[in-house]
Amino acid sequence: MDKMLADATENFTTGFMCSESVLEVLNRHYELGIGEEAIALSTGFPYGFGDGGNVCGAVAGATMVVSVSR
C-alpha cells in the first residue's frame, strides 16, 4: 500500500491528473491489463469531473478500476 501511495503521489507531482494517477498505479500494481487508451480517457475525470467540483478524481479513477476488475 505504501508503494502504491508513493507511486500515485509521484505520478500526480509529475503531471498526471488525480484520476490518471490512481488508475495507472492500480493497473500497474494489480496487473489489470488496462490499456493506455483507457488511462487517457480518465483525463476528463479530475477535479470533480472536469473541474466541476463534484466527485474527487481519485475516487473516479478507483471506481474505473473496480468496474474493470469485476
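The values are calculated or read from the model by the stated rules, or taken from the named source; none is laboratory data. Model, not experiment: these values are computed from the prediction. Reconstructed Cβ throughout: ideal geometry from the backbone, glycine too, with neighbour counts over all protein chains shown. Heavy atoms of the whole protein, side chains included, go into the accessibility calculation; ligands, DNA and RNA do not. Shrake-Rupley method; radii C 1.70, N 1.55, O 1.52, S 1.80 Å.
For this structure, a couple of remarks:
- Applying the criterion of being without any contact (Cβ under 8 Å) to a residue 12 or more places away in the chain and open to solvent by 40 Å² or more (accessible area, probe 1.4 Å) to the residues of the range 15-39, the residue that is nearest to LYS3 (Cα to Cα) is GLU31.
- Total residues in the range 1-14 satisfying the condition of being among the acidic types (Asp, Glu) and open to solvent by less than 60 Å² (accessible area, probe 1.4 Å): the figure is 1.
- The criterion of at least 1 residues that are modelled with pLDDT under 90 and either touching an Asp or Glu at 6+ places or on another chain (Cβ under 8 Å) or not small (Gly, Ala, Ser) (or both) is met by the following helices (runs of 4 or more DSSP H) wholly inside the chain: 18-30, 36-41, 46-49, 57-69.
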